[in-house]
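This report concerns only the one structure given below.
The values are calculated or read from the model by the stated rules, or taken from the named source; none is laboratory data. Small disclaimer: the values here were computed from a predicted structure and weren't measured. All Cβ positions, glycine included, derive from the backbone under ideal geometry; neighbour counts span all protein chains shown. To get the accessible areas, we keep the full protein, side chains included, count just its heavy atoms, and leave off ligands, DNA and RNA. Shrake-Rupley method; radii C 1.70, N 1.55, O 1.52, S 1.80 Å.
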Amino acid sequence: MDIAAIAGLAPVIPVLTIERVADAVPLARALVRGGLPVLEITLRTATAVAALEAIAAEVPDAVVGAGTVLEASQVEQIQRVGARFAVSPGCTAAVAAATRSAGLPFLPGVQTVSEAMVLAEQGIRLMKFFPADVAGGVGWLKAVAAPLAGLRFCPTGGIGAETAPAYLALANVACIGGSWVAPREAVLAQDWSHVERLAAAAARYKRF
Ligand code: 3PG
């Protein structure tokens, strides 16, 4: 599956910052049960790689990838434990080259038209728009639709249940990302039925 196919699996990619490895599998199962199989585990905690490995091994219906990939050296590490894709808040030549040579589907981030143009020159047609809410949100995506025709985005950052539908109504939005479907308090309380309900609501959003 390439990154466009992965983005096509569900309207929302949960962005998960996992603090306790023991939460990883039940959290992933709750999200998959709710209808969100594509999961991004941010590499922001000491437990992130172990959490990713546990989900890859024990939740076969999940398509799990790593987020916050900032360095080329992380690509080999995440692929070894079962990551199916990599996400970065931005993009460097080294990270892009590492994902390409590893054959790992990659969703790099942009915040400006020039950054999107640089990635388009490399043949990248789907990119994360980050941080979406503060970088212009729905208005930015509407404004770039004509000049950047042919490019599609996965806006992430500051999106919640109230704003998600407006993003998903846009033709140049493939899917959206966000942490609101797995609130930190619910994860710490291991309230998996709450997470499943939030995921089920997000899975019902209509895309353009
Ligand atoms: C990310 O890494 O993509 C963001 O932290 C997710 O943003 P959110 O927490 O505002 O949804």
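Things worth noting here:
- Accessible area per residue in Å² at 1.4 Å probe, computed on the chain: 43
- Derived value for region 114-160: Kirkwood hydrodynamic radius 10.9 Å. Basis is the mean of 1/r over every pair of different alpha-carbon atoms.
- Cα gyration tensor of region 68-109 - equivalent ellipsoid semi-axes, whole Å, descending: 14, 10, 9
- Prolate/oblate/rounded label for region 22-84 (Cα gyration tensor, a/c 1.5): prolate
- Computed on region 165-208, the Cα convex hull volume stands at 57 Å³ per residue.
- Neighbours of I6, meaning other residues whose beta-carbon lies under 11 angstrom from its beta-carbon, give a summed charge of -1 when Lys and Arg score +1 and Asp and Glu score -1.
- By definition, a body whose alpha carbon gyration tensor gives a ≥ b ≥ c is oblate when a/c is 1.5 or more and a/b is not larger than b/c, and region 93-185 fits this oblate description.
- Its relative contact order, with pairs defined as Cα atoms under 8 Å and 6+ residues apart, puts the chain at 23 percent.
- Atom-type composition of the exposed protein surface of the chain places 56 percent of the accessible area on carbon and sulfur (1.4 angstrom probe).
- With 5 Å bins from 0: P(r) over the chain, alpha-carbon pairs, percent: 1, 8, 17, 21, 21, 16, 10, 4, 1, 0
- Rg/Rh (Cα only; Kirkwood hydrodynamic radius) as it applies to region 21-130: 0.99
- Alpha-carbon centroid distance for the pair region 2-57 / region 134-156, whole angstrom: 25
- Mean projected area (nm²) of the alpha-carbon convex hull when region 1-45 is viewed from all directions: 3.4
- The amide H of V38, built 1.01 Å from its N in the peptide plane, has V63 as neighbours under 5 Å, considering only residues 5 or more places off or on other chains.
- Computed over region 138-183: relative contact order in percent, which uses C-alpha pairs under 8 Å that are six or more apart: 43
- Amide hydrogen neighbours beyond the local backbone of G109, cut-off 5 Å, H modeled: S88, G90, C91, K128
- The solvent-accessible area of T112, taken with every protein chain present and a 1.4 Å probe, is close to 60 Å².
- Under 5 Å, built H, 5+ apart or other chain: amide partners of G67: I41, T42, L43, V87
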